[in-house]
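Every read-out reported here was derived from the displayed coordinates using simple, explicitly stated rules and does not represent laboratory data. Here the structure is a predicted model, which is why all the values come from computation and not from measurement. Backbone-built Cβ (ideal geometry, glycine too); neighbour counts: all protein chains shown.
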Amino acid sequence: MSERLDTLGMWDAMLGLPEQIEASMAAIGDISGLPDPSSIDHVLLLGMGDSGFGGDVAAASARPFSSLPIVVYSGYLPPSWVGARSLVIAISASGRTEETLESLEAAVEAGASLVSVTNDGDLASLTRAAGGPVLPVVGNAPMPRAALGALAVPPMLALEQMGLFPGARVWIGDAVDQLKARRDEFASEASPARALARRIGRTMPIIYGGGAIGATAAKRWKVAVNHNVKAPAFWAPMPELCHNELVGWGQHGDVTRQVFTQIQLRHSTEHPQTARRFSYVEEKTLEVMHDVVQVEAGGDGPVAELFDLVFTGDITSLEMAASEGLDPGPLPVVDDLKNWLDG
């Protein structure tokens, strides 16, 4: 293979996910300043973009174990129900994300308990001033999307300490084991990520995932293709897509079969009816797709399966970029938008 174009070192950073997760667990011991769980009615995770996706992973992992609702929110103002019995965990790699900061300021005014996941910026200052703990984002990832472990693990450990995610460290450790095994596969000549990138080719991936694990991973796949390949991609959750999107494949098959590759993300904790729906959707859409591909999660437990699906999507997107000679790191249109907003 010719040398990859990778000015920011995204390949090494994203392949280092298992070590990043381990480093995050090692950096966070007993967390002081967390509220008494009996004083909390719900948990709100704040974040935008890739930092916000760390909240998505934490929430999808913890919800099956939590006795309290866990909600993820992206935007300028938090829901109106945030108040004195809310725990708000704000995630921002830079500590300067304006939407997250504005939401956190509103949460402070509402009397919520705070935790932030960041190393710097106004987010850390605001949280400390309100008496909440600031959890570190370990490592020096070139872009937030290469810091998933450093962004997702801290809120998971905070929830574990509050009794809302029992056994989190064990589940996360199982994920590390699976990621290392999967990485060995990616390094081989028979890399499944490279093979999948070739099957997708220059078509647009449309990713379907079932339940919290599959849907969260599908969202990440879509964003990974957007960011790393600078290409369109789409996602939808199963079974919801059976009530709407499936109907939309009834026309224009002569066009869509040249354009779209459907990727079905599968895992062991799917509801039996969801599993049946995947087969039905494949049967009804195969003729209007370039290809339909199933990707099976590996690992022991839901957290390992979630991270495994995400990892596979990340590396597949890097393989897609490499096949086109594209640099996966820089996001010039995002930089331009930020300059435009500041101007």
## Note on the structure
Assertion target for 256, 316, ordered by fewest C-beta neighbours within 10 angstrom first, is 256, 316
### Query
How do 171-183, 299-311 rank on mean C-beta neighbours within 10 Å, highest first?
299-311, 171-183
### Summary
Measuring from its Cα centre, the chain shows a charge dipole (+1 at each Lys and Arg Cβ, -1 at each Asp and Glu Cβ) which, in debye to the nearest 20, is 520
### Query
Within the stretch 1-48, which GluC sites (Glu not before Pro) sit in a loop by DSSP and count at most 11 neighbouring Cβ atoms inside 10 Å?
3
### Query
What full-extension length gain, to one decimal in nm, is calculated for residue 120 and residue 327 as 0.36 nm per residue of separation minus the Cα-Cα distance?
71.7 nm
### Task
Rounded to the nearest 10 degrees, what's the angle between the helix 302-323 long axis and the longest principal axis of the chain, both from Cα atoms, 0 to 90?
60
### Query
Where the centre of each part is set by its Cα atoms, how far does the stretch 14-70 sit from the stretch 105-153, in angstrom?
11
## Note on the structure
The lysines whose Cα lies under 19 Å from the Cα of residue 222, excluding any fewer than 8 residues away in the same chain, are 230
### Separation in nanometres of the label points that stand 7 Å from Cα toward Cβ, at residue 185 and residue 296
0.9
### Task
Fewest Cβ neighbours within 10 Å first, please rank 73, 208, 280 accordingly.
280, 73, 208
### Message
Under 8 Å for C-alpha pairs, at least 6 residues apart: give me the relative contact order for the chain, rounded to a whole percent.
### Response
19
### Task
Using only Cα atoms, find the angle between the long axis of helix 17-27 and the longest principal axis of the chain, and express it within 0 to 90 degrees, rounded to the nearest 10.
10
### Task
Go through 141-151, 62-72 and give me the packing order, highest mean Cβ count within 10 Å leading.
141-151, 62-72
